[in-house]
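Sharing a structure with you now.
The values are calculated or read from the model by the stated rules, or taken from the named source; none is laboratory data. These numbers come from a predicted model, not from an experiment. A quick note on method: Cβ atoms are made from the backbone with ideal geometry, for glycine too, and the neighbour counts reach across all protein chains shown. For accessibility, only protein heavy atoms count, side chains too; no ligands or nucleic acids. Shrake-Rupley method; radii C 1.70, N 1.55, O 1.52, S 1.80 Å.
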Amino acid sequence: MEIKYEWWKRFLVRYGISYPLILLLSSMMVGLMCLNTYYRLENEDEAIQYACSFIAFVISKVFDITFTAIAHHTSIWENNRTDEEEQFQKVIKKFFHYFLSTYFSLISLLFWPNSESTDAMRIKAMESQMITNCIIMPALQNVIETVMPIFMARFRKNYHITRSYFDAALQTLLWTDEPVPADAAARDYWFEAQKDAMSSMSGDYLEIALQYGYMTMFAVVFPWSAALAVVFNVIEIRVDANKLLHLYQRPLAKPVKSIGAWKMIFVIISGVSVVTNSFIISVMSEALVDTGLEITTKSRYQFFVGFQYMLVIVAALVYIFTPIRPSILSKAAVKQSILLSRHAGSRRVQGKNEPSQMEASTYEEPMLPTAGAPHEFDLL
């Protein structure tokens, strides 16, 4: 057994095996999507456009499943020193692959060097792809998140009894009932043990990040993506609540300082959205022609560059003048601190559960408002 894992071994595995495998997988996926884009731009039939949109969706899902298996094994091979480091590497790899699998079909339509296909045709193809991705993908994701844990729990229960993968899969598909422990308490614990353990929040963050990309990067092509996101997020709230209460084992709360690498990912998506929307409005669409001005190819690209600078300046001003921590969050934090101090004081008065030495050393008395100061912590 190796007590100390050398850093150069981790470096070689990460940059000599993990990332090359992921790049190879992503390159194969990009090649198939390029062929799909080439075929759809050679045909103007609307049915073919939607069929190619569905094919691009299937290609991305097949490679997503393959990527999940590869990323799991490469993370084990890397033998990261801390959970935080391992989580960071998973987020970076996952976002790189899913960014290509989700948006490459749209980006290839946006910048495809084909003089025979008109800009109006490419915008129409992007719209059909957006409809497919913004409706089919969230609906399928919600179905999978609801149905798969039920089947996996039954499969695990059947395998626990039969000790055969084939028999367990067959009984799960046929939905046959198997004997369970007779004792009520043992049966409850047994059923809880057959459920899947709740995974990390990276999958939920990824889902929100991809949805945010659809709303921002291609907003001018399909503005209804924001409305669809609201509808599917309302449904997602109930689906996640059902998962936490009935389909998964009770998760353990892990406090963290921030959302980690996802914050930078949202910033990157926002920056890319400036380029894509500016390009669509300035170069591809007829928005400038509708103004009545004399528009040339050179003036289109000049407006494209100027529009980007304008959006970047507006985003910088919003970032500067928007507080990092909203006032309502500060009020909630102060109120929670006051409630905790009152609860701890009442328990000490009753003589129950005296705080340990560690709790006493880490406890901080909340800052109460002075006389005449406004009670900003009062949220009631």
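Would you pick out the residues in region 19-53 that are more than 19 Å from residue 123 (Cβ to Cβ) and loosely packed, with under 14 Cβ neighbours inside 10 Å?
20, 23, 24, 27, 28, 31, 35
Looking only at region 5-31, how many residues end up being in a helix (DSSP H, G or I), more than 21 Å from the chain's Cα centre (by Cα) and not aromatic (Phe, Trp, Tyr)?
The first filter runs over region 5-31 and keeps only residues in a helix (DSSP H, G or I), leaving 7-31.
With more than 21 Å from the chain's Cα centre (by Cα) added as a condition, the list becomes 7-18, 20-21, 24, 27-28, 31.
Applying the additional criterion that residues be not aromatic (Phe, Trp, Tyr) yields 9-10, 12-14, 16-18, 20-21, 24, 27-28, 31.
Of the residues in region 5-31, 14 are in a helix (DSSP H, G or I), more than 21 Å from the chain's Cα centre (by Cα) and not aromatic (Phe, Trp, Tyr).
Another question about this same structure. Which pairs turn up if I take residues in region 61-80 that are over 13 Å from residue 97 (Cβ atoms) and look for partners that are open to solvent by less than 50 Å² (accessible area, probe 1.4 Å) and among the β-branched types (Val, Ile, Thr) with beta carbon separation below 6 Å, at least 6 apart in sequence or on another chain?
77/13; 78/13
Does residue 253 satisfy the criteria of being part of a loop (DSSP other than H, G, I, E, B), at pLDDT below 85, closer than 16 Å to residue 220 by Cα and of a type outside the set (D, E, K, R)?
Against the criterion (part of a loop (DSSP other than H, G, I, E, B), at pLDDT below 85, closer than 16 Å to residue 220 by Cα and of a type outside the set (D, E, K, R)), residue 253 does not qualify.
Residues that are open to solvent by less than 100 Å² (accessible area, probe 1.4 Å), of a type outside the set (S, T, N, Q), out of contact with any Ser or Thr (no Cβ under 6 Å at 6 or more places or on another chain) and at pLDDT below 80: does region 303-317 have at least one?
no
List every residue pair whose Cβ atoms lie under 7 Å apart, where the two residues are 6 or more positions apart in sequence or sit on different chains, the first residue falls within region 2-16 and is under 16 Å from residue 86 (Cβ atoms), and the second residue, located anywhere, is modelled with pLDDT of 80 or more and part of a helix (DSSP H, G or I).
10/78; 13/77; 13/78; 14/78
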